[in-house]
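For reference, the structure is listed below as structure tokens.
The values are calculated or read from the model by the stated rules, or taken from the named source; none is laboratory data. What you see is a predicted model; the values in this text were computed from it and never measured. Positions of Cβ are generated from backbone atoms using ideal geometry, with glycine treated the same way; all protein chains shown enter the neighbour counts.
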Amino acid sequence: MNFLLDNNLPPSFAKAIHTLSQKYGHKVVHLSDKFSRDTTDIEWVSTLKEAGGWVIISQDQFRKSDLEKKAFRECGLVVFCLAKQWGGISRTLAVCGSRKISANQAVVKFTFSVTFTKPTT
């Protein structure tokens with residue numbers, strides 16, 4: 001399975017999850033590592049749709065235009081839209097366990113756990 005993290009999540013988050021999941025055959029990349037900065041949401045989602053096998057993880061609600069909404073509705077890909085609170089972890093990222101992190105001068109306690117399994121064939 002391939003996972004793409006949108007630009008509103010930190011590239012370090014994608015790299016950390018990729019490191020944890022690659023032994024299970026999963027690939028996690030950040031949007032900025034796969035597409036140029038000027039690529040529109042409609043363009044990159046269309047490319048992922050053609051390729052197939054991608055899951056999009058974003059903090060965006062994809063409400064910029066009717067065309068964008070339509071592209072995401074019709075792409076046939078799994079899309080996770082995370083709550084705004086996830087944006088606070090971009091300052092300091094703790095991936096494993098339960099830790100206190102500083103985000104925008106507030107201390108946030110969170111627990112993050114991911115379970116990966118080998119893909120079935």
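Scanning the range 27-54 for residues that are in contact with an Asp or Glu (Cβ under 8 Å, 6 or more places away or on another chain) and among the hydrophobic types (A, V, I, L, M, F, W, C) returns L31, F35, I42. Beta carbons closer than 6 Å, at least 6 apart along the sequence or on distinct chains, pair a first residue in the range 43-57 that is on the phi > 0 side of the Ramachandran plot with a second that is outside any helix (DSSP H, G or I) for G53/N2. Checking each residue in the range 40-66 for being part of a loop (DSSP other than H, G, I, E, B) and surrounded by 16 or more Cβ atoms within 10 Å (Cβ to Cβ) picks out Q59, D60, F62.
Looking only at the range 5-25, residues that are touching a helix residue (DSSP H, G or I) at 6+ places or on another chain (Cβ under 8 Å) and either without any contact (Cβ under 8 Å) to a residue 40 or more places away in the chain or more than 19 Å from D60 (Cα to Cα) (or both) come to 3 in all. Could you look through the range 46-77, keep only residues that are touching a strand residue (DSSP E or B) at 6+ places or on another chain (Cβ under 7 Å) and among the aliphatic types (A, V, I, L, M), and pick out the one that is nearest to I17 (Cα to Cα)? That would be I57. Selection of the range 20-39 for residues being of a type outside the set (F, W, Y) and part of a helix (DSSP H, G or I) yields L20, S21, Q22, K23, L31, S32, D33, K34.
Given the structure, is K34 under 21 Å from A16 (Cα atoms), basic (K, R) and at pLDDT 90 or above? Judged against the criteria, K34 is a match. Residues that are modelled with pLDDT under 55 and in contact with a Pro (Cβ under 6 Å, 6 or more places away or on another chain) are absent from the range 100-120 altogether.
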